[in-house]
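Note sheet for the following structure.
The numbers here are math on the coordinates, done by the rules we state, and not lab data. Values in this document were obtained by computation on a predicted structure and should not be read as measured data. So basically every Cβ, Gly included, is an ideal-geometry build from the backbone, and we count neighbours across all protein chains shown.
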Amino acid sequence: MAFLTHHICRGLSSSAVRHVVIKNVTIIGGGQMGAGIAQVAASTGHAVTLVDTNEDILKKAVKGIEGNLKRVVKKKFADKPEAGEEFIGKAMQNVSTSTDAGSVVQGTDLVLEAIVENLKVKQDLFGGLDKLAPAHTIFASNTSSLSITDIASSTNRLDRFGGLHFFNPVPVMRLVEVIATSSTSQETFDSLLNFSKMLGKTTVSCKDTPGFMVNRLLLPYILDAVRMYERGDGSKEDIDIAMKLGCGYPMGPFELSDYVGLDTMKFIMDGWSAANPDNPMFAQSEVLNKLVSEGKFGKKTGEGFYKYK
Ligand SMILES: C[C@H](O)CC(=O)SCCNC(=O)CCNC(=O)[C@H](O)C(C)(C)COP(=O)(O)OP(=O)(O)OC[C@H]1O[C@@H](n2cnc3c(N)ncnc32)[C@H](O)[C@@H]1OP(=O)(O)O
Ligand SMILES: NC(=O)c1ccc[n+]([C@@H]2O[C@H](COP(=O)([O-])OP(=O)(O)OC[C@H]3O[C@@H](n4cnc5c(N)ncnc54)[C@H](O)[C@@H]3O)[C@@H](O)[C@H]2O)c1
């Protein structure tokens, strides 16, 4: 159910800004990002329905959420194990699952997708759901690199469409990039900002530009590291050590690529390469292409630049 509230912006005492208070959330895609967002939304009191293509993926996602909540509780309720158990119980009660997005969007305030990084697949998903979701429902994408405007163009709710870009691992990373297209209404943008804050995140406001803020700066850095390795100028291990100890980064570029997922990295790179064919930054990488063609997507498949088995 949606609640339309009025709140007065500081410094704008005479103008009321409306925003939808998001309580019921449908998250499509139960992979690393979708499961992480579901975990944080459920543990902050939101009713979450997690959707994926089959029951096995959903079971794995729910098990992962419960496991990660235990990690959170160990820290947060170190001296109060009973309160910790209650916290996990309440959060898990807030999570339900489905393999049929169309049948669950009726009562939802927000549909947030975290499926494969492919424009056509995302457009097909939202185009179909646009006909089924209530008028007030906001649609948002967690895309890393695609244009929110392009994704939204498959719907008739351009004013109720925006971007919510979370970071991996969602329960730990404190940022959400909130993205407005030129058609996103102020009410929708405020609702997305407010929702992110309810999740305990710090927000930055982004325009719908390629890679928004973080990935526009992060991806060229990672791709440069891959080129350095391909030229033979350093081993991947040494490049990772260099950036961790030289810059204080928690992970080096190869560890981080494996953590993000090399399939996702390649989707991003291919998309930007198609849009900027003359930019050598986005030229094909033999090493990345080989790993992806062998199904070595990084941590999630047990092997990428490194082995995790
Ligand atoms: C490409 C996309 O569009 C955009 C992106 O997402 S780019 C990627 C952004 N992410 C990053 O840059 C991540 C960089 N890496 C890191 O920050 C750290 O290596 C890391 C947080 C992933 C792991 O930290 P590390 O110290 O090596 O491991 P670990 O001890 O297991 O975890 C650190 C803490 O996080 C917690 N944690 C890790 N993963 C967790 C999860 N999924 N759920 C809950 N808690 C988790 C641990 O419990 C631990 O808590 P503690 O310090 O209080 O005990
Ligand atoms: N991995 C990251 O670090 C990261 C960070 C921020 C944003 N993102 C973005 O989030 C999205 C998901 O990334 P991820 O790392 O969670 O991927 P992932 O491969 O871990 O999970 C994707 C999930 O989506 C499901 N899926 C695919 N098509 C679907 C459909 N039509 N309907 C329902 N479910 C479907 C898959 O079965 C899979 O479980 C991508 O757009 C990615 O660019 C990723």
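Working out 0.36 nm times the residue gap between THR149 and ASN168, then minus their Cα-Cα distance, what length gain in nm do you get to one decimal?
Details: separation 19, 0.36 × 19 = 6.84 nm, distance 2.34 nm.
The span from THR149 to ASN168 would gain 4.5 nm if fully extended.
Share of antiparallel DSSP beta bridges in the chain, in percent to the nearest 5?
Working: 11 of 37 bridges.
Percent antiparallel among DSSP bridges in the chain is about 30.
Rounded to whole Hz and in sequence order, give me ³J(HN,Hα) for the stretch 48-61 from the Karplus expression 6.51 cos²θ - 1.76 cosθ + 1.60, θ = phi - 60°, writing x for Gly and Pro.
Once rounded to whole Hz, the list reads 10, 10, 9, 10, 8, 7, 8, 5, 4, 4, 5, 4, 4, 5.
Counting other beta carbons within 10 Å of each Cβ, put VAL214, VAL121, VAL40 in order, fewest first.
If I rank by nearby Cβ atoms, fewest first, I get VAL121, VAL214, VAL40.
Taking R0 as 41 Å, what's the FRET efficiency between GLU187 and ALA275 from their Cβ-Cβ distance, rounded to 0.05? Numbers along the way, then the final one.
On the way: r = 31 Å, r/R0 = 0.75.
So the FRET efficiency works out to roughly 0.85.
Find how much the distance from MET251 to TYR306 grows on full extension, using 0.36 nm per residue of separation minus their present alpha carbon separation; answer in nm with one decimal.
18.5 nm
Mind checking the full-extension length gain between ALA135 and SER235? Use 0.36 nm per residue of separation minus the Cα-Cα distance, one decimal, nm.
This chain segment gains 30.7 nm when fully extended.
Shape call for the stretch 234-309 from the C-alpha gyration tensor, a ≥ b ≥ c root eigenvalues: rounded (a/c under 1.5), prolate (a/b greater than b/c) or oblate?
Working: a/c = 2.14, a/b = 1.28, b/c = 1.67.
It is oblate, given that a/c is not under 1.5 and a/b is not larger than b/c.
Return a whole-number percent for the relative contact order of the chain, with Cα pairs under 8 Å and 6 or more residues apart as the contact set. Intermediate values should be presented prior to the final figure.
Values: 541 pairs, mean separation 41.6, N = 309.
That works out to 13 percent.
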